[in-house]
Each structure stands twice: as C-alpha cells, then as structure tokens.
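Accompanying notes for the structure given below.
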Amino acid sequence: MRNLFVLLLRYHALILFIGLEVISLSLVFSKNSFQRSAILNATQEVVGYAQNTFFEVDKFLSLGKVNDSLANEIAQLKAQLQGFEETPDSAVKIQYTIPAYYEFIPAKVIGNSSHQRNNYITLDAGAYDGVEKNMAVVSSKGVVGILKGVSGSFSSGISVLHSDFAVGARIKDLNENGTLVWDGENPEYAILTDIPGHVNVQANQEVEVNAFSFIFPEGTPIGRVVDYELDAGKAFYKIRVKLHDNFRNLNYVYVVKNLKIDEKNQLESKIKD
C-alpha cells in the first residue's frame with residue numbers, strides 16, 4: 001500500500017492529465033456527432049486494413065495446399081476424360097487421346113537436374129500413393145521421364161535428359177515410327193532416330209509417343225520437329241526435336257499407371273518361354 005501511495009504521488013501530474021484528457025474527449029464525442037463519426041471511421045479503417053493483411057498472409061501460406069488440391073482434381077478429371085481429346089496447354093495446342101486403361105497420380109517435383117549428362121527427377125509421391133518402379137512420368141505438356149526407384153513417400157527416376165532414356169516415338173502427320181533419345185547437349189532438344197530417308201519430314205511436325213510404348217499412353221506429346229539431316233549413304237534421318245516441356249522448370253507432374261501392363265507382361269513371358 002505504501003508503494004502505491006509513493007507511485008501515485010510521483011506520477012500524480014501525469015495521471016491527472018490523462019484523466020482530464022479522457023474526460024474531455026468523452027465530452028467532445030458524446031456532444032459532437034461529426035467527431036464521433038470520424039473516429040469510428042478511422043478505427044474501422046485500421047481494423048479492416050489489419051484484417052485484410054492477415055487474410056492475405058494466410059492466403060499466401062495456404063497456396064501450397066491449394067496447388068496440391070488442384071493437382072488432385074486435375075488428375076481425377078484426366079481419368080474421367082480418358083478417351084476424349086484434350087488440350088493440355090493452349091500455347092502448345094496439342095490434342096491427343098488417352099486410352100481408358102491408364103490412371104494418373106499427381107506429384108510435385110522436389111528434385112530435378114537438367115545440366116548433367118545424366119539427369120534425374122525426384123517426386124513427393126511413392127508406394128503409399130500407388131506409385132511403382134518403371135512407371136512413366138508426364139506433365140500437362142508431355143513426356144517427362146521414367147521412375148527407377150520408389151520408397152514409401154517418394155520416387156525417383158531418369159528424365160528425358162538421360163543417356164539411358166529412350167521411348168518409341170512417331171511423327172504424327174506421317175505416322176512413321178522411330179526412337180527418341182537425348183544426345184547430352186541442349187536440354188531443350190532431343191533426337192528422333194530411325195525415320196527412313198524417303199519420308200517427307202518437315203519442320204514443325206508434331207512428335208508423339210507411338211503405340212509401341214506401353215508405359216506412356218499412345219499419343220502423349222513430346223515436341224516439334226526443328227531441323228533434320230540425312231547424311232550421304234545413310235538410310236535414316238537424324239531429326240532434332242524441340243521438347244514441349246521446360247526441364248529447367250518442372251513443378252507438377254503425373255505418374256502414369258497402366259492397369260493392363262501386368263497382363264501384357266505375363267502374356268509376353270509365356271510366349272518367350
């Protein structure tokens with residue numbers, strides 16, 4: 001109690017001033033509607049600004065969850081639209097048909113390289129999500145890679161930019177089959193081989209996955225013909241293909257599950273035996 005009296009005595013002038021100010025402001029706002037309205041508006045503006053700031057911060061922090069949700073919804077839509085033509089990217093303007101025995105598992109790319117001779121991708125989807133070894137990986141634009149290792153929550157594999165990657169491909173307009181590989185040079189381009197020299201190859205023709213690849217859906221886009229050459233004495237073209245995907249900036253992809261691949265493998269195994 002003694003300390004309280006000492007405190008009041010020491011700061012009595014300040015306490016008196018604050019008290020008189022509170023009384024004065026109360027009288028002003030209670031008797032004058034203009035000042036009362038002004039202070040209320042100012043208070044509401046400050047509170048509104050603070051609430052909006054908190055909302056924007058919360059929205060930014062939740063973008064990851066929103067992207068994951070959208071990826072799942074897109075995968076479900078892809079499954080529902082199997083057998084119909086779709087346009088994965090309006091800028092590329094590719095249409096292709098997905099056979100009905102494929103499913104898509106959405107995944108985020110959490111590891112990726114594009115400047116090595118052999119490049120790899122790592123995804124945040126694994127065995128718990130239904131992912132298995134040797135499944136294909138595609139994006140909305142086309143072919144990405146093949147998975148070679150799977151754990152419970154993650155998976156990793158080779159991308160198109162790897163010396164061991166090869167996929168059966170064809171020039172869409174000509175329906176001529178070849179093999180797409182990477183020559184280890186520019187990550188924006190791949191090489192289409194085994195196209196006969198008598199074929200009328202032209203720039204800007206679409207290159208897509210052919211029917212011989214069973215892990216990638218037939219018709220999956222790959223890229224466009226940029227240039228080609230036929231060396232003297234050679235029977236096949238060397239065709240440079242501009243890839244649709246930017247492998248320096250992969251974000252969300254889909255792991256492709258072929259529901260009939262076990263049946264196919266068992267049949268081929270019986271015939272070989």
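Criterion applied to 140, 159, 155 was being on the phi < 0 side of the Ramachandran plot, in contact with a Leu (Cβ under 6 Å, 6 or more places away or on another chain) and assigned by TED's automatic domain parsing to the domain that holds residue 206, and the one residue passing it is 155. In summary, strands (runs of 3 or more DSSP E) completely within the range 96-191 and bearing 2 or more residues that are closer than 13 Å to residue 257 by Cβ and of a type in the set (A, V, I, L, M, F, W, C) occur at 102-112, 136-138, 143-150. Scanning the range 201-224 for residues that are assigned to a strand (DSSP E or B) and of a type outside the set (A, V, I, L, M) returns 206, 208, 221, 223, 224. Exactly one residue out of 258, 249 is polar (S, T, N, Q), touching a Phe, Trp or Tyr at 6+ places or on another chain (Cβ under 7 Å) and over 19 Å from residue 173 (Cβ atoms): that is 258. Among the residues of the range 261-268, not a single one is surrounded by fewer than 20 Cβ atoms within 10 Å (Cβ to Cβ) and either outside the structural domain of residue 114 (by TED's automatic domain parsing) or assigned to a strand (DSSP E or B) (or both). Residue check, residue 121 against (1) modelled with pLDDT under 60; (2) under 13 Å from the mean Cα position of the chain (by Cα); (3) not aromatic (Phe, Trp, Tyr), all met but one. Which one? Answer for residue 121: the failing condition is (1).
Just the residues that are modelled with pLDDT under 90 and either touching an Asp or Glu at 6+ places or on another chain (Cβ under 9 Å) or not small (Gly, Ala, Ser) (or both), please, taken from the range 220-243. Across the range 220-243, the qualifying residues are 230, 231, 234. I'm checking my understanding of the structure. Among residues of the range 194-234 that are among the charged types (D, E, K, R) and over 23 Å from the mean Cα position of the chain (by Cα), which one is nearest to residue 146 (Cα to Cα)? Residue satisfying both the conditions and the ranking: 194.
Counting only residues that are surrounded by 13 or more Cβ atoms within 10 Å (Cβ to Cβ) and part of a loop (DSSP other than H, G, I, E, B), the range 230-245 holds 3 of them.
Test residue 227 against the stated conditions and say whether it is without any contact (Cβ under 8 Å) to a residue 40 or more places away in the chain, assigned by TED's automatic domain parsing to the domain that holds residue 162, outside any loop (DSSP other than H, G, I, E, B) and not aliphatic (A, V, I, L, M). Considered against the rule, which asks whether it is without any contact (Cβ under 8 Å) to a residue 40 or more places away in the chain, assigned by TED's automatic domain parsing to the domain that holds residue 162, outside any loop (DSSP other than H, G, I, E, B) and not aliphatic (A, V, I, L, M), residue 227 comes out as yes.
Of all residues in the range 230-266, which are of a type outside the set (Gly, Ala, Ser), free of Cβ contacts under 8 Å to residues at least 40 places away in the same chain and either touching a helix residue (DSSP H, G or I) at 6+ places or on another chain (Cβ under 8 Å) or within 27 Å of residue 176 (Cα to Cα) (or both)?
Selection gives 230, 231, 234, 265.
When the range 220-239 is examined, which residues are found to be acidic (Asp, Glu) and on the phi > 0 side of the Ramachandran plot? Answer for the range 220-239, where residues must be acidic (Asp, Glu) and on the phi > 0 side of the Ramachandran plot: there is none.
The values are calculated or read from the model by the stated rules, or taken from the named source; none is laboratory data. None of the values given here were measured: they were computed from a predicted structure. Every residue, glycine as well, gets a Cβ built from its backbone with ideal geometry; the counts of neighbours run over all protein chains shown.
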